[in-house]
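Colleague: Got a structure for you, written out below as structure tokens; questions coming shortly.
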Amino acid sequence: MKSSIMKKVLAICLVAAISTITIGCGGKTNSENEAPQETINIDDTKQELQFFYGNGESVDSTEAPENSNADSNADSKAETNAGDDKPATETAATETEIVTEIATQYVNATDEAGQDVTDAQGVVQTEVQTEIVTEIVTVPASTEEQKPTESEYTPSYDTCKAYWLDMSQMGDYNFNGEFLVLEFEINENIPDGSYPITITKTDIGSWDLLTRVPECINGEVTVGDAKPAEQSKATTGAFALKVNNASGNCGDTVKVAIDLSNNPGFCGFVIDIQYDAAALTIADSYGGADFDAAIKIVE
């Protein structure tokens, strides 16, 4: 029942297929041939901010998934790990090295006829002989994983879906500034470069059933010596979402904040954010400072 309610309420908020809905004690039909409207309790019109990821590229965003992001990530990782199991090789990898060294030894001194040279007492004389020795030896190959080059690297895109709904105030939320935050851990052994963070889909709805369509400015996470590209600027006065750039090195955790400007007001959204999961792993996700402040004011 809850899933059905969420779907219908979210459909209203996102200006979907439902044309009329009653919030409160009940609803009436226009005739006996029409299906009755479903009654929705006011408590069911408020859903906390949630993030869902680890399921691959974007799916239909008219309804948030049933599972939590922690569960979906665990399942995704389990499937990935199951497919990555490889049998141990019978012999360790090896490589060859050329070793050159100078060897010295004492030998009997000889004359032109090849006879030993002796002193007045008849003691055989010795001399130092120096020799350069070159040897090819086999040693275990280095176990250190090398970074792939840009041409060898293969991206693997995933979508983080952010979902929130609050119709309990019977109005819109008007705020600007830091909206959503994703913290990414930069994976090890990826080439230096730029990895885009892209808003691929937005479903944002207002209390009066208007669709809010923002201008989206995408960003990126740059790794190593790579320099971020200059971001475009939003049209003056336009409702806009901006993904701020971040930079770091392999193993670092970086914060990517999504800012909101010229907000006309809304009471619910589903936003899809695409990133390269082969390079970046989501370490945390949460509402931005200004979003949280706006929510707390009405609470």
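The values are calculated or read from the model by the stated rules, or taken from the named source; none is laboratory data. Since we're looking at a predicted model, the values are computed, not measured. Note that we place each Cβ from the backbone using ideal geometry, even for glycine, and neighbour counts take in every protein chain shown. Remember, those area values only see protein heavy atoms, side chains included, never the ligands or the DNA or RNA. Shrake-Rupley method; radii C 1.70, N 1.55, O 1.52, S 1.80 Å.
Colleague: Give, as residue ranges, the strands (runs of 3 or more DSSP E) completely inside segment 193-299 that count at least 2 residues that are within 18 Å of residue 48 (Cβ to Cβ).
Modeller: Details: elements: 193-205, 215-217, 219-223, 240-243, 246-248, 253-261, 268-276, 280-287.
Counting at least 2 such residues, we get 193-205, 268-276, 280-287.
Colleague: Select from segment 165-182 the residues that are open to solvent by 50 Å² or more (accessible area, probe 1.4 Å) and closer than 14 Å to residue 287 by Cα and list them in ascending order.
Modeller: Within segment 165-182, just 176 meets the criteria.
Colleague: Of all residues in segment 176-222, count the ones that are over 19 Å from residue 256 (Cβ atoms) and without any contact (Cβ under 8 Å) to a residue 60 or more places away in the chain.
Modeller: Adding up the residues that qualify gives 4.
Colleague: So how many residues does segment 229-261 have that are open to solvent by less than 70 Å² (accessible area, probe 1.4 Å) and either aliphatic (A, V, I, L, M) or farther than 12 Å from residue 288 by Cβ (or both)? Working first, answer last.
Modeller: From segment 229-261, those open to solvent by less than 70 Å² (accessible area, probe 1.4 Å) are 229, 231, 234, 237-241, 243-246, 248, 250-252, 254, 256-261; that's our starting set.
Checking which are either aliphatic (A, V, I, L, M) or farther than 12 Å from residue 288 by Cβ (or both) leaves us with 229, 231, 234, 237-241, 243, 245-246, 248, 250-252, 254, 256-258, 260-261.
Going through segment 229-261 one residue at a time, the tally reaches 21.
Colleague: Go through 225, 252 for me and flag whichever is modelled with pLDDT under 95, out of contact with any helix residue (DSSP H, G or I) (no Cβ under 9 Å at 6 or more places or on another chain), more than 24 Å from residue 163 (Cβ to Cβ) and charged (D, E, K, R).
Modeller: Values: 252 fails: modelled with pLDDT under 95.
Result of the check over 225, 252: 225.
Colleague: What number of residues within segment 162-192 are out of contact with any helix residue (DSSP H, G or I) (no Cβ under 9 Å at 6 or more places or on another chain), assigned to a strand (DSSP E or B) and not acidic (Asp, Glu)?
Modeller: Total meeting the criteria: 4.
Colleague: For the list (1) of a type in the set (A, V, I, L, M); (2) open to solvent by less than 10 Å² (accessible area, probe 1.4 Å); (3) within 24 Å of residue 47 (Cα to Cα); (4) in contact with a Cys (Cβ under 6 Å, 6 or more places away or on another chain), I need the number of the one condition that residue 186 fails.
Modeller: The failed condition is (3).
Colleague: Would segment 275-284 turn up any residue that is within 13 Å of the chain's Cα centre (by Cα), open to solvent by less than 30 Å² (accessible area, probe 1.4 Å), hydrophobic (A, V, I, L, M, F, W, C) and within 23 Å of residue 152 (Cβ to Cβ)? Steps first, answer last, please.
Modeller: Here is the first cut: in segment 275-284, the ones within 13 Å of the chain's Cα centre (by Cα) are 275-284.
Then drop every residue that is not open to solvent by less than 30 Å² (accessible area, probe 1.4 Å), which leaves 275-276, 279-280, 282.
Add one more test, that the residue is hydrophobic (A, V, I, L, M, F, W, C), and what stays is 279-280, 282.
Now narrow it down to the ones that are within 23 Å of residue 152 (Cβ to Cβ): 279-280.
There is at least one residue in segment 275-284 that is within 13 Å of the chain's Cα centre (by Cα), open to solvent by less than 30 Å² (accessible area, probe 1.4 Å), hydrophobic (A, V, I, L, M, F, W, C) and within 23 Å of residue 152 (Cβ to Cβ).
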